[in-house]
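Peer 1: Shown below is the structure under consideration.
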Amino acid sequence: MNIFSVFTLFGGLAFFLYGMNIMSNGLEKMTGGKLERTLKKMTKSPIRSLLLGAGITIAIQSSSAMTVMLVGFVNSGIMELGQTIGIIMGSNIGTTLTAWILSLAGIQSDNFIIQLLNPEAFSPIVALIGIILMMTAKSTKKKDIGNIMLGFSILMFGMNLMSDAVSPLADMPEFAKILVAFTNPLLGVAAGTIFTGIIQSSAASVGILQALSLTGGITYGMAMPIIMGQNIGTCVTAIISSIGVNKNAKRVAGVHIYFNLIGTIICLAVFYLVSAFIQLDFVNEAISPVGIAAVHSIFNIVTTIMLLPFSKQLEKLAKFTIRDKDTHEKYTFLDERLLATPSVAIAECKESTIKMALLTQDTLNKSINLLTNYDQKVVEEIIEQEQAIDDYEDKLGTYLVKLSSKELSDEDSQAVSRILHMLGDFERIGDHALNLSRVATELHDKEIMFSNGAKKETEVITSALKEIMELTVEVVKHNDVELAKKIEPLEEVIDYLKSEIKKSHIRRLKEGQCTIEQGFIFSDLLTNYERISDHCSNIAVCTIQVSESSFETHEYLQGIKSEAFGAFSKNYHDFMEKYTI
């Protein structure tokens, strides 16, 4: 083995890591918001968490990404520490699939069908299909599939390079002498931990070990401690991701470390205790890539079986190690660690947008109720809630701008566009709700009351306003395009009501039923109502236009209003009958 073999080894490692990254990103994009929604279904059942953790890790082929997500979720207050323990255990099992895929590289046979199982035989075909999809496919989903296929092929190419680079070691006496040192299990654990910690990929370090095993110089006795050390080394990613997070999020990394550390100590202790009394012949036999994959899986499954019943104790151990200095835990709004998995980050942005919409609706309802039932405490609540709505717009907008720079699927890109377009409208509705509270305060302080006619008209337009706001929130919740199409007709009805109510008010002024001062306040009230309905219309039109990949709002509105007997016309007449003055 010469210097060029070393270059080839590191080059193979680079290809391996790059291929793994491409494949993981492609898989994560294809899962979209499903991944986040699956995590939302977490229950207190450890078995359910375990299975979901394994399933999601298999789906995205990255236990590191899974761990970073968990740290981000706990830091944001989305999940509790106890919910992550089963997922961490399942993630450790799920990540062993990579080793099984890599073990196929050792398959040798004269049978054509069996030869096809060797990635060296079929990965060039997979790469060809992948690049064709990437270059010719129009849909993002097909391009993502092409990315996954190409990433897999690059990964396997890197694996082959590493195998070729280390194959001369089989004939080197110096290599055999170095391997003797790894008969010491503690040295094996340390080597596995340090190397995996440096490259931050247990899949890559297991892959290198599998490549070395093809030389025939690695025994089961040497490999087992190294594999256990690799599981400890993969915790480095969790440690790094926990920098700058709250105590509870740091404990996620603590649980991950304790799980692998305790598992390693117990498994090694039991193995060497048994081997002291029983002759285990396989210990000195050369291990194959399949054997490494088997040991990797068995270790994680056995450790999980042992520690799953003690999930609460693991949680207590993490809390004992990382203690609270105060009882108040601060959570981060939309943790930036979630940007590593854009579909999850977008799903959380959707949840935050729904919270913003509900908060805006609640603020508006409180302001409307103030008009007939004034309460100074409610005014103060409205002021606080309006500030919270402003914070939502600022933080969500900043986060979405960062998110838009990531590689997103078509569906995720639409979601980002939709949310960015509607944030300003919700913020403005919050402003108008605050204006309404000021109208209510002026009515209360000046002891002004509207005439009976004005009260009845206000009740009608208020009911229409509440309905349009309710429809808007439902549209945001479910991204319901059909429901969104009902909002513009209702907005037109509110505009008509405002116009008619103003005419009635002028008539009452002439008849002496209302005063000029009442008129100014009444005009402010109607103006805010109209502006709120306008912003609801903007949100609805945005939802429709984003779904159609078009932002020609003016042309869209002109088009639907020109329909003589279409859906717009029908909805308009239905609302006109419902809200009459």
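The values are calculated or read from the model by the stated rules, or taken from the named source; none is laboratory data. If you're wondering where the values come from, they're calculated on a predicted model, not measured in any experiment. Using ideal geometry, Cβ is built from the backbone for each residue, glycine included, and neighbour counts are taken over all protein chains shown. All accessible areas refer to the heavy atoms of the entire protein, side chains included, with ligands and DNA or RNA removed. Shrake-Rupley method; radii C 1.70, N 1.55, O 1.52, S 1.80 Å.
Peer 1: Taking all pairs of distinct Cα atoms, average 1/r, flip it, and tell me the Kirkwood hydrodynamic radius of the stretch 197-337 in Å to one decimal place. Spell out each step's value before the answer.
Peer 2: Numbers: mean 1/r = 0.0589 Å⁻¹.
After inverting the pairwise mean of 1/r, the radius is 17.0 Å.
Peer 1: When ligands, DNA and RNA are left out and all protein chains stay put, how many square angstrom of accessible area per residue does the stretch 264-318 have with a 1.4 Å probe? Display every interim value, and only then the final one.
Peer 2: On the way: 3080 Å² over 55 residues.
For the stretch 264-318, the solvent-accessible area averages 56 Å² per residue.
Peer 1: Looking at the chain, identify the longest residue range that excludes and avoids all trypsin sites (Lys or Arg not before Pro) in DSSP loops having at most 14 other Cβ atoms within 10 Å.
Peer 2: 139-322
Peer 1: Can I ask one more? Over the chain, with every protein chain in place, what whole percent of the accessible area is carbon and sulfur at 1.4 Å, could you tell me?
Peer 2: Working: 16340 of 27170 Å².
The C+S portion of the solvent-accessible surface of the chain is 60 percent.
Peer 1: What helices in the chain pass both tests, a Cα length along the helix axis of 24 Å or more and a mean Kyte hydropathy of -0.5 or higher, using whole DSSP H runs?
Peer 2: Values: long enough: 3-31 (42 Å, 1.02); 119-136 (25 Å, 1.74); 140-166 (39 Å, 0.55); 247-277 (45 Å, 1.19); 289-307 (27 Å, 1.67); 342-370 (42 Å, 0.13); 376-404 (42 Å, -0.53); 410-445 (53 Å, -0.43); 452-478 (39 Å, -0.16); 487-511 (36 Å, -0.79); 516-547 (47 Å, 0.28).
Sorted by number, the helices that extend far enough and score high enough are 3-31, 119-136, 140-166, 247-277, 289-307, 342-370, 410-445, 452-478, 516-547.
Peer 1: May I ask you to derive the FRET efficiency for ASN184 and VAL6 from their Cβ-Cβ distance with R0 = 25 Å, giving the value to the nearest 0.05?
Peer 2: For ASN184 and VAL6, the calculated efficiency is 0.50.
Peer 1: Just want to confirm a number: the relative contact order over the chain, from Cα pairs under 8 angstrom separated by 6+ residues, in percent. Spell out each step's value before the answer.
Peer 2: Working: 810 pairs, mean separation 86.2, N = 581.
Relative contact order for the chain comes out at 15 percent.
Peer 1: Okay, next question. Residues of the stretch 331-425: accessible area per residue at 1.4 Å, in Å²? Walk me through the intermediate numbers first.
Peer 2: Details: 4230 Å² over 95 residues.
Value returned for the stretch 331-425: 45 Å² of accessible area per residue.
Peer 1: Under a 5 Å amide H to amide H cut-off, with H placed in plane at 1.01 Å, what residues pair with ALA286 once short-range neighbours are removed?
Peer 2: none
Peer 1: Right, next: Note down the nm distance, to one decimal, between modelled labels 7 Å out along Cα→Cβ at ALA121 and at ILE265.
Peer 2: 4.7 nm
Peer 1: Another question, then. Choose one of LEU364, SER343, ALA14: the residue whose Cα lies farthest towards the positive end of the charge dipole of the chain (beta-carbon charges +1 Lys, Arg; -1 Asp, Glu; about the Cα centre).
Peer 2: The Cα lying farthest towards the positive end belongs to ALA14.
Peer 1: Another one. Using only alpha carbons, build the gyration tensor for the stretch 335-433 and give me the equivalent ellipsoid semi-axes, biggest first, whole Å. List each step's numbers first, then the result.
Peer 2: Values: eigenvalues 197, 26, 18 Å².
After diagonalising the Cα gyration tensor, the semi-axes are 31, 12, 10 Å.
Peer 1: Still on this structure, please answer the following. May I ask for the Kirkwood hydrodynamic radius of the stretch 401-515, worked out over all distinct Cα pairs and given in angstroms to one decimal? Walk me through the intermediate numbers first.
Peer 2: Values: mean 1/r = 0.0579 Å⁻¹.
Here the Kirkwood hydrodynamic radius works out to 17.3 Å.
Peer 1: Still on this model: Counting each DSSP H run of 4 or more residues in the chain as -39500 (n - 2.57), what helix-only mean residue ellipticity at 222 nm follows after dividing by all residues, to the nearest 500 deg cm²/dmol?
Peer 2: Details: 26 runs with 457 residues, N = 581.
One gets -26500 deg cm²/dmol as the mean residue ellipticity at 222 nm.
Peer 1: A further question on this structure: Beyond a 26 Å Cα-Cα separation, which of these cross-linked pairs lie in this structure: LYS406/LYS477; LYS395/LYS486; LYS446/LYS498; LYS455/LYS510; LYS503/LYS578; LYS502/LYS578? Spell out each step's value before the answer.
Peer 2: Working: LYS406/LYS477 24 Å; LYS395/LYS486 30 Å; LYS446/LYS498 24 Å; LYS455/LYS510 18 Å; LYS503/LYS578 20 Å; LYS502/LYS578 20 Å.
In this structure, LYS395/LYS486 lie more than 26 Å apart at Cα.
Peer 1: Probe of 1.4 angstrom, ligands and nucleic acids ignored: what's the accessible area per residue over the stretch 457-545, in square angstrom? Write out the running numbers ahead of the final one.
Peer 2: Values: 3560 Å² over 89 residues.
Value returned for the stretch 457-545: 40 Å² of accessible area per residue.
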